[in-house]
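Derivation of every value follows stated rules applied to the coordinates shown; laboratory data play no part. This structure is a prediction, so every number in the text was calculated from the model and none was measured. Quick reminder, even Gly has a Cβ in these numbers, built from the backbone with ideal geometry, and neighbours come from all protein chains shown.
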Amino acid sequence: MELEAFVAVAEELHFGRAAARLHRGQPTVSDAVRRLESTLGGRLFHRTSRRVSLTELGAAMLPDAHATLAQMRRFQQRGRSLAAGDGTPTTLVVAQAEYTSDQLLLRCLPQLRERFPDVAIVPEAMPTTAQLSALRAETVGLGIGWATGGVSGVRARVLSTERFVALVPADHPLAGHTALTAAELSTTALLTWPHQINSGLCDRLLSAFRIGGADLRIIRTADSVHAIAAHVAAGTGVGITVASALDHQPPGLRVIPLTGPSTTADQVVLTPAEPSAAATALRDLLLVSSGPPGGRGTPPAP
């Protein structure tokens, strides 16, 4: 319960929302976080009456918490399988970061099942930073995430180069633009992904604004593009996401590509240093299916 509570609060940055997500009372979640902090000997969150944020310890421990929870779920799944007399099937855990293309993986999995019918494929939602830890520990066989710094002991290949896009209400002053620069979004109230979920994407976006001499003003984060679109439609601000996360044109919104330096990000496939035969096959299927890097990144037609 302690790790689940920590991860939920870290992703929601709100104890009430974390409690609702876990179907527990808020005092239960708060107590679980305090017990974990006591065990570790340090604070995981900065708490005020208006804001919750990760401490340096919390940010450092979050990838390990994700990997540990994933390992526990696989332990439980394997135990149930053995208890049911299903033998000891080989398992390939496929981790996927938020905002990466679901369609790409869905196209490749049926072909992988045909080639490796005895391999149990387990999809797992996991941020890129957590994938790196899990791949090094070999608790995950393959990951799809975003290019980020500090990749060691893991093989990375570019699947596609995705362009940042702005989600703008149809009646917004910026809605008539065919493209937007960081300078044109300076001081605009922006909604985007949490840094702890997609640090590589955040760092790339920060770079675009820094190079453009613009002020990046993020007023709200959301862990899905659908949540960002809902806030934009409600008039909260302008959303920023990547083209791969959009599988349709959001009603009532304009999708406008960002242009300028650092306004693209590389979607990557990650494997351990010595991947399994199934992981190697899936990596190759993904690379073939994605086409040449840079061939994607076009937003849906308005």
Once amide hydrogens are built 1.01 Å from N within the peptide plane, the residues lying 5 or more places from Phe45 or on another chain with amide H under 5 Å from its amide H are Thr55
Expected unfolding gain across Glu138-Arg35 under the 0.36 nm per residue rule, minus the alpha-carbon gap, is 34.2 nm
Residues meeting the amide H criterion for Thr90 (H placed from the backbone, H to H distance under 5 Å, 5 or more places apart or on another chain) are Ala120
Taking 0.36 nm per residue of separation between Glu274 and Arg115 and subtracting their Cα-Cα distance, the length gained on full extension comes to 55.3 nm
Note: Arg210 to Ala175 extended length (0.36 nm per residue) minus current alpha-carbon separation gives 10.2 nm
Counting only DSSP beta bridges with both partners in segment 167-264, the antiparallel fraction in percent, to the nearest 5, comes to 40
Sorted by chain and number, the residues with a modelled amide H under 5 Å from that of Leu142, at a separation of 5 or more or across chains, are Val93, Ala95
Among the Cα-Cα pairs of segment 149-280, the proportion with separation greater than 27 Å, in percent, is 22
Ordered by number, the trypsin sites (Lys or Arg not before Pro) in segment 211-286 that occupy a DSSP loop and have at most 12 other Cβ atoms within 10 Å are none
Going residue by residue through segment 234-249, the Karplus relation 6.51 cos²θ - 1.76 cosθ + 1.60 with θ = phi - 60° gives ³J(HN,Hα) values, rounded to whole Hz and with x marking Gly or Pro, of 7, x, 6, x, 9, x, 10, 8, 10, 4, 5, 7, 9, 9, 7, 7
Taking every DSSP bridge whose two residues both lie in the chain, the antiparallel percent to the nearest 5 is 60
Relative contact order in percent for segment 159-264 (Cα pairs under 8 Å, 6+ apart) equals 50
Checked segment 1-88 against the a/c 1.5 cut and the a/b vs b/c comparison, axes a ≥ b ≥ c from its Cα gyration tensor; verdict prolate
Calc'd 3J(HN,Hα), segment 110-125, phi into Karplus 6.51 cos²θ - 1.76 cosθ + 1.60 (θ = phi - 60°), Hz, glycine/Pro = x, comes to x, 5, 5, 4, 5, 7, 10, x, 8, 9, 7, 9, 10, x, 9, 6
